[in-house]
Amino acid sequence: STRGMVALTFDDGPADFATRVVPALMRVGFTATVFMVAGNVGGYNSWDTGPPKPLMTEHQLRAVADFGMEVGSHGVRHLSLAEASCQQVQDELKHSRFILEDIIQHEVKGFAYPYGNAGPRDVAEVKVAGYEYACHIRPTEPSRHALARTYVGERDRGLRLRAKVVRHELQWMVRV
């Protein structure tokens, strides 16, 4: 049964996922999924307005996959699919998967929508592209290709974190 299961997911592919998160997860026997921006492997989070953060290198990406972490796609350029043309969406889905599979030598099964949002067309394109599942922040029609997820950041501790869990349970009628 999956009741009570929690999936730990990390977006973008920050270098500290390899250096800090994976060792901590391994100490407690957990795994996680990292959704990597395929076009920025070894680069920085150039789409962000905040301070630049280094992203994992090819070597780090292979290592986290070898340690049992799942690597999923977050597109090639962290492009908001809802604002992109149909051809751009198809290119992002196809090329990001190709780049990542070439690096890690494993199948890439999951996708996380950049900025957490996607329209019905984007959800359909992810399915057509052959991804087994995709993560969405607020899907209008939750499905395997629009799995509801809740953002948790560095400031989310104690009561704030518990409030997010309760809101997620109520909003999506699931028990965490």
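The values are calculated or read from the model by the stated rules, or taken from the named source; none is laboratory data. What you see is a predicted model; the values in this text were computed from it and never measured. Cβ placement follows ideal geometry from the backbone for every residue including glycine, while neighbour counts extend to all protein chains displayed. Accessible surface is based on the protein model in full, side chains and every heavy atom, while ligands, DNA and RNA are left aside. Shrake-Rupley method; radii C 1.70, N 1.55, O 1.52, S 1.80 Å.
Net charge in the neighbourhood of residue 40 (other residues with Cβ under 14 Å of its Cβ; Lys, Arg +1, Asp, Glu -1) is -3. Could you tell me which of rounded, prolate or oblate describes region 57-122, using a ≥ b ≥ c as the square roots of the eigenvalues of the alpha-carbon gyration tensor, with rounded for a/c under 1.5 and, failing that, prolate when a/b is larger than b/c and oblate otherwise? Prolate is the answer for region 57-122, as a/c is 1.5 or above and a/b outweighs b/c.
Once C-alpha pairs closer than 8 Å and six or more residues apart are averaged by separation and normalised to the residue number of the chain, the relative contact order reads 17 percent.
Calculated FRET efficiency, residue 169 to residue 117, Cβ-Cβ distance, R0 = 25 Å: about 0.70 to the nearest 0.05. Partners of residue 109 within straight-line reach, counting aspartates and glutamates whose Cα lies under 12 Å from its Cα and excluding those fewer than 8 residues away in the same chain: 70, 101, 132.
Here region 105-126 is scanned for amide nitrogen atoms under 19 Å from the site 7 Å beyond the Cα of residue 90 along Cα-to-Cβ, giving 119-126. Relative to the Cα centre, the charge distribution of the chain, modelled as +1 at Lys and Arg Cβ and -1 at Asp and Glu Cβ, gives a dipole magnitude of about 840 debye. The stretch between residue 154 and residue 80, if pulled fully straight at 0.36 nm per residue, gains 24.3 nm over its current Cα-Cα span. Between amide H atoms placed 1.01 Å from N, distances below 5 Å from residue 53 occur with 45, all of them 5 or more places distant or on a separate chain. Close amide H pairs (under 5 Å, H built 1.01 Å from N) link residue 11 with 35, residues at least 5 positions away or on another chain.
Note on residue 66 and residue 107: the extension gain reaches 13.5 nm, defined as 0.36 nm multiplied by sequence separation minus the Cα-Cα distance. Once divided by 2.2 N^0.38 Å, the Cα radius of gyration of region 1-104 becomes 1.11.
For region 119-131, 3J(HN,Hα) computed residue by residue from phi via the Karplus equation (6.51, -1.76, 1.60; θ = phi - 60°) reads x, x, 4, 5, 4, 5, 5, 4, 5, 4, 5, x, 6 Hz, glycine and proline entered as x. Summarise the accessible area of region 52-167 (1.4 Å probe, protein heavy atoms) by the percent that is carbon and sulfur. Within region 52-167, the accessible surface is 55 percent carbon and sulfur. Over the chain, accessible surface divided per residue gives 59 Å², non-protein components excluded, 1.4 Å probe.
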